[in-house]
């Protein structure tokens, strides 16, 4: 069965998160996703708050930009969340928006190399291993977590290009695809991920999470169109959905049939009712998605 989630977009003030978390938990939403967008809200801080304010919903961060983070810090924070809230934290790492990375002096010459090194070290640390590595970007000398997760946990990677998608299959436990990915894009991504998995000899399940830009209620079509135009993807077919629960569920099913394990409804940046959007996802769309 396809999992369904919704995004709390960081265009919303941090103090609005509490009310959205309450609704997500009460309405039965499966996953609430957060973003670490520069220069809005921190992914780990908001995830910790969301997990503390809820009792059952899984909380994802998609994604943590690796150029901003020493891998030891990423591992420490991830392990802490997994131990305090077992089975409920989902963390993804990725390149980050390169312009933003440049603004803070963190842009690297080879983002793919950095992501590979970060993923390999992070997953090893979270397995409780003691790591020494001297990579191009990631350097650790006899580092191990005092408090690794009690059980194995996955690390997802955000990816768009072919090299990153193959890397996600090779070195991550799942992949997060942006809302600019139509069903055909999910199929292509799955093929590239599988190439990476075959190269690494990996056979365990690999979760694919896809965001779906979604608008409902008054002015939905206009809001969706405006955001697609602003992102420069308005000519891409089958991208985003506007309408009632039936229309949204149909779009979710198309992505699931293309290979998505989880579809996360992403409201437009000007969504007028964030709490209502979460309730709509959980109570109206979820029953229509197998």
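Every number here is computed from the coordinates shown, using simple stated rules; none is lab data. Just so it is clear, the structure is predicted and the values come from calculations on it, not from any experiment. Cβ placement follows ideal geometry from the backbone for every residue including glycine, while neighbour counts extend to all protein chains displayed.
How tilted is helix 183-200 with respect to the longest principal axis of the chain? Cα atoms for both, answer in degrees (0 to 90, nearest 10).
Here the helix axis deviates by roughly 20 degrees.
Write down the Å³ per residue value for the convex hull defined by the alpha carbon atoms of the range 57-205. Can you show the working numbers first?
Values: hull volume 18.2 nm³, N = 149.
For the range 57-205, the hull spanned by Cα atoms encloses 122 Å³ per residue.
Against the longest alpha carbon principal axis of the chain, how many degrees, from 0 to 90 and to the nearest 10, is the axis of helix 111-126 turned?
So the helix axis and the longest Cα principal axis differ by about 80 degrees.
I'd like the distance between the alpha-carbon centres of the range 225-250 and the range 1-30, rounded to an integer number of Å.
Value for the Cα centre distance between the two parts: 20 Å.
Just for the chain, what percent of DSSP beta bridges are antiparallel, to the closest 5? Numbers along the way, then the final one.
Working: 3 of 38 bridges.
Just about 10 percent of them are antiparallel.
Given Cα pairs under 8 Å that are at least 6 residues apart, what percent is the relative contact order of the chain? List each step's numbers first, then the result.
Values: 567 pairs, mean separation 58.2, N = 290.
That works out to 20 percent.
Highest mean first, what order results for 100-109, 250-259, 57-66 on Cβ atoms within 10 Å? Provide the component values of the computation, followed by the final result.
Details: 100-109: 13.5, 250-259: 19.7, 57-66: 25.0.
Ranking, from highest mean packing down: 57-66, 250-259, 100-109.
How many nm is it between the label spots at residue 134 and residue 257, if each spot is 7 Å from the Cα in line with the beta carbon?
In this crude spin-label approximation the distance works out to 5.5 nm.
Starting from 0.36 nm per residue, how many nanometres of slack lie between residue 270 and residue 188 once their C-alpha separation is accounted for? Don't skip to the end; give the middle numbers.
Working: separation 82, 0.36 × 82 = 29.52 nm, distance 3.05 nm.
Length gained between residue 270 and residue 188: 26.5 nm.
Take every DSSP beta bridge with both residues inside the range 97-224 and express the antiparallel ones as a percent of the total, to the nearest 5. Kindly include the intermediate steps, with their values, before the conclusion.
Values: 3 of 10 bridges.
Rounded to the nearest five, the antiparallel share is 30 percent.
In Å and from the alpha-carbon atoms only, list the Rg and Dmax of the chain.
18.3, 57
What do you get when you divide the Cα radius of gyration of the range 1-53 by 2.2 N^0.38 Å, with N the number of residues?
On the way: Rg = 11.0 Å, N = 53, 2.2 N^0.38 = 9.9 Å.
Rg over 2.2 N^0.38 Å, computed on Cα atoms: 1.10.
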